[in-house]
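Bear in mind these aren't lab numbers, they're just calculated from the coordinates by the rules spelled out. Everything numeric in this text was worked out from a predicted model, so none of it was measured. All Cβ positions, even for glycine, are placed from backbone atoms using ideal geometry, and neighbour counts span all protein chains on display.
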Amino acid sequence: MTETTMPPPDTQKLRFYQKGTFTVGNRLVSEAERSVQASIDRSNALTCGHRACQGCGEALGARYAIDAAMRATNRNLVAVNATGCLEVFTTPYPETSWQIPWMHSLFGNAASVAAGVAAAMRVKNRPEVRVIAQGGDGGTTDIGFGCLSGMFERNDDVLYICYDNEAYMNTGVQRSSATPPTARTATTPAVGPQPGNVFGTGKNVPKIAVAHGIPYVATATVADLHDLERKVVRAMGLHGARYIHIHVPCPLGWGSASHDTIRLARLAVESGLFPLFEAEHGAVTGSTKIRKPVPVTEYLKPQRRFAHLFKDHDDARLAQLQAIADRNIAEFNLVDRAEVAS
Amino acid sequence: MLKQAEGSHAMAETIALCRPEVICAYPITPQTHIVEGLGEMVRNGHLKNCEFINVESEFAALSVAIGASAAGARAYTATASQGLLFMAEAIYNASGLGLPIVMTLGNRAIGAPINIWNDHSDAMSMCDAGWMQLFAETNQEALDLHVQAFRLAEELSMPVMVCVDGFILTHAVERLDIPSQEDVDAFLPTYEPVQVLDPAQPISIGAMVGPDAFMEVRFLQHYKQTLALRLLPEFSAEFKRRFGRDSGGLLRTYRAEDADMLVVAMGSINGTIKDTIDEMRAEGLRIGLVTLVAFRPFPTAELRNLLAGRKHVVVIEKSFAVGMGGQLANNVDLALRNTPAAPQVHSVIAGLGGRPVTRASLQRVFLRAEAQPWEGAHFLDLNEDIIGKELHHVRKVRRSGPTAENLLRRLGEARSAVSP
């Protein structure tokens, strides 16, 4: 290996390991994208000692996203956080888990506060300092949506990261506009003729972000941290408004085992319910293929929030959920037909 | 420099002299001309080194200012009425975080019924939100208060609201003395933040605070405002030395020395009150005025010293807490708490929703305060005729209809009855 092809210090040497039917690890990842997952040299934006639940997808997603952004910006990073789990579990006064300048203002204004930070950095002639806003799905798709859309349309120089666990987990699992149909939450209980969240509601913020024509939009998952990091690095390489929507399972809110967080995140992608795609300036530029599509029931069954579907043998509504996945697969061209045929 | 100018435009010019670095603009009458003026100055290069951001709501306007201020920039915005309510959550946040944002409030009534004209309901709705509130009597004072507001805000790292009567001041064209850049620069030092988001020295701002320290954080906010009680007169004196004008401070008096009756008021209405006092003095009445500049912090001790020993205090205010009465009157009452030989306090609600307050009406109510004192609040120039009719109608008819529309119809009927 010559000097020029040496991987950067934060990347990892080739490793193989087998899990289920997958060969995971670095074999399929180019050297430049191999990141170290545990090392004292890692920046650890979100350091240990925080109070997230065991198996929290959001803590994992945030640590990898912010670490990748720190690497991409040579640690010249400021983060603004919406109210929510991430804010609460990382900063129990007087402690903080954040190794970067970090600010929490309100539930619904993270995008605006970040726009203000970015404006200050411009006026102070600190172009090297980059700004991230982050929040959960409630702070993003509901209460913070106006500020988010404003930040998008002004093309403020902010990367907004939404950690989507599909409900208001911090307040005790209430429905948000990112809650999927049939999911049981505290405000969509699994009772009555249509248990759980109803069909025909909710909004797809990644697609709405694309519709703003902003420089970069991506969806990502904690099941594929290399892909997540690559997207964050890509986003930090651009200026203007950028949006990354990360799917983060919540064991508490979803009624799933802590050790199943990564598996569920992967099944969400492989079932087609959470499509991974990228878009630039209003056009989808690519999507991550599903190598082996799985029926939605494989994703739904390990989660108690969907237990009523199986207890009631609600095949009609399971078919409706499968139809959503199938539409995603068709819309984002998630399955390579030739591979399926073989 | 003396010039003939609209209040809003002159305010914009003066705010520009304060070298704001981030300005957030969202239109709402009657403050719009201020941010329009600033936007033009940024566009044409007159105001350099400044980001002018058109946001999508007042909530975003103050939120952008919060981010900018926390990142070390001098941040400014302006709003009025509903806009202030829409940013309410961010108002408390800015003061709770101790961010020295300056905001102009073009005082306007709050709906419903929707009303764009002047009163002080908006300022009063946020008077306990941790911002300092300074009320301008004239457009000249409005200019001067902005310069002092940035100084005060940054000295204490607390936000300041400069309250300017909508239309009466914001849209009035008059002769104004615009300060020079040299004088403003000499008076207002460069902003040195006490906390700043900087990757070189990472800090966390806005952590969750539990019962162990929350009261202390609140107390320190209050303590800072008590420091402002000392700083405001100091800055006002320093301002006078440099600019040659009396502006700001905590309060001012007019013909108060020997007065048996003192009027207490805030904002532009003080001009009319002074004229009324002159007329009544000419008739031999010993009446004077206390003009409050600072409503927050409230100059309790200074006011008590002035009012104690007088016979009557008449509080004229352009706001009203439904179900309770006048907020300013209540604060004046509080200043007199446990004062021996406290004067009788008479509360007058005047000029709500832009209703003109005339010298004749003021004179009547001042005379009545002495001759026929009332309980609670007196509503100046209330149209009791249409109120009586509406109350009668509501008692008779269950689906009596919307109150505001009913009253407007009755007014129309009354007008057409008297016209030929």
Filtered hits (lysines, Cα-Cα < 25 Å from B:K48, offset >= 8 within chain) -> A:K124, B:K3
Expected sort for A:235-242, B:130-137 on mean C-beta neighbours within 10 Å, highest first, is B:130-137, A:235-242
Per residue of B:68-77, other chain Cβ atoms within 10 Å number on average 6
Once the in-chain neighbours fewer than 8 apart are removed, the lysines whose Cα is under 21 Å from B:K311 read B:K274
Across B:F298, B:F219, B:F366, the residue with the highest GNM fluctuation in chain B (Cα network, 10 Å cutoff) is B:F219
When chain A is treated as a Gaussian network with springs between alpha carbons less than 10 Å apart, the largest mean-square fluctuation among A:P275, A:P92, A:P251 is found at A:P92
Placing +1 on each Lys and Arg Cβ and -1 on each Asp and Glu Cβ in the protein assembly as shown, then taking the dipole about the Cα centre, the residue among B:L229, A:A218, B:P211 whose Cα reaches farthest towards the positive end is A:A218
Counting only DSSP beta bridges fully inside the protein assembly as shown, the antiparallel percentage to nearest 5 is 25 percent
By the mean-Cβ-within-10 Å protection proxy, highest first, B:89-99, A:183-193 rank as B:89-99, A:183-193
Rounded to the nearest Å, the spacing of the alpha-carbon centers of region A:75-105 and region B:394-420 is 57 Å
So the pair-distance distribution of chain B, from every Cα-Cα distance in 20 Å bins, comes to percents of 26, 55, 19, 1
In the neighbourhood of B:A136 defined by beta carbon distances under 10 Å, the net charge of the other residues (Lys, Arg +1; Asp, Glu -1) is -4
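On average over all directions, what projected area in square nanometres does the protein assembly as shown have, based on the convex hull of its Cα atoms?
42.1 nm²
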Residue-normalised 222 nm signal for chain A, counting each DSSP H run of n ≥ 4 as -39,500 (n - 2.57), nearest 500 deg cm²/dmol, is -9000 deg cm²/dmol
Once the in-chain neighbours fewer than 8 apart are removed, the lysines whose Cα is under 23 Å from A:K292 read A:K19, A:K231, A:K301
Percent of all alpha-carbon pairs of region B:251-379 at distances over 19 Å, whole number, is 43 percent
What helix-only [θ] at 222 nm does chain B give? Using -39500 (n - 2.57) per DSSP H run of at least 4, over all residues, to the nearest 500, the answer is -13500 deg cm²/dmol
Taking alpha-carbon centroids only, region A:112-146 lies from region A:235-288 a number of Å equal to 21 Å
Charge tally for neighbours of B:Q225 with beta carbon under 13 Å away, counting Lys, Arg as +1 and Asp, Glu as -1, is +2
DSSP beta bridges in chain A: the antiparallel percent, rounded to 5, is 30 percent
Taking Lys and Arg as +1 and Asp and Glu as -1, residues besides B:A16 with C-beta under 13 Å from its C-beta add up to -1
When chain B is treated as a Gaussian network with springs between alpha carbons less than 10 Å apart, the largest mean-square fluctuation among B:R175, B:R364, B:R355 is found at B:R364
Here P(r) for region B:2-243, Cα-Cα distances in 10 Å bins, as whole percents, is 8, 34, 39, 17, 3, 0
Going fewest to most other Cβ atoms within 10 Å around each Cβ, B:D275, B:D128 line up as B:D128, B:D275
